[in-house]
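Below is one structure, written out as structure tokens; comments come after it.
No lab work stands behind these numbers, since they all come straight from the coordinates. Please read all numbers here as calculations on a predicted model, not as lab measurements. Heads up, the Cβs are rebuilt from the backbone with ideal geometry, glycines too, and the neighbour counts pull from every protein chain shown.
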Amino acid sequence: MSHDNCLFCKIAAGEIPSTKVHEDDEFVAFRDIRPAAETHVLIIPRKHIETLSNVTPEDAPMLGRMLVLVSKLADKLGVAYTGGETGFRTVFNTGPGGGQEVYHIHAHLLAGPRPWLRMG
Ligand code: AMP
Ligand code: ZN
């Protein structure tokens, strides 16, 4: 899918509404429209990359910052691992074999009481 008709590029540009929990020059994070868990947020880079199989070594710093943002958002959303039974899951579905539906790279951040509806 090209950048021009990419749903997540349009969400990042504000052309399609979303419930944003974070926005900066490089990333946008918003609530999944069909949450599989009590907390279900998607973190995307503004840069259009189709899948985790399309990244290059040049993307390494961005991917590192993306994971640091996941950690920061988990903290902000109150689901960080702080001991005991706390914590969250981070998932990158990649290609049809990985269950990917939207071809703009994104991390799912999932947390909350089981059962989760999908991806459990
Ligand atoms: P994936 O299967 O990893 O590609 O995940 C795509 C996710 O995007 C799914 O969990 C969808 O529920 C979610 N999604 C699809 N459209 C929207 C939208 N307009 N706003 C927020 N989340 C969406
Ligand atoms: Zn895109």
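Okay, here's what the table says:
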| read-out | value |
| --- | --- |
| Dimensionless Rg/Rh of the chain - Kirkwood Rh, Rg from C-alpha atoms | 0.95 |
| Net charge contributed by nearby residues that have their C-beta within less than 14 Å of residue 34 (K/R +1, D/E -1) | -1 |
| Amide hydrogen neighbours beyond the local backbone of residue 22, cut-off 5 Å, H modeled | 29 |
| In the chain, lysine pairs closer than 18 Å at Cα, eight or more apart or cross-chain | 5 |
| Estimated [θ] at 222 nm from DSSP helical runs (n ≥ 4, -39500 (n - 2.57)) normalised by residues in the chain, nearest 500 | -6000 deg cm²/dmol |
| Mean Cβ neighbour count within 10 Å, used as a protection proxy, ranking 69-76, 9-16 highest first | 69-76, 9-16 |
| In order through the stretch 73-79: 3J(HN,Hα) via Karplus (6.51 cos²θ - 1.76 cosθ + 1.60), integer Hz, x for Gly, Pro | 5, 4, 5, 4, 8, x, 10 |
| In nm, spacing of pseudo-spin labels at residue 26 and residue 58 (7 Å Cα→C-beta vector) | 1.6 |
| Additional length obtainable on full extension of the chain from residue 34 to residue 4, 0.36 nm per residue less Cα span | 8.4 nm |
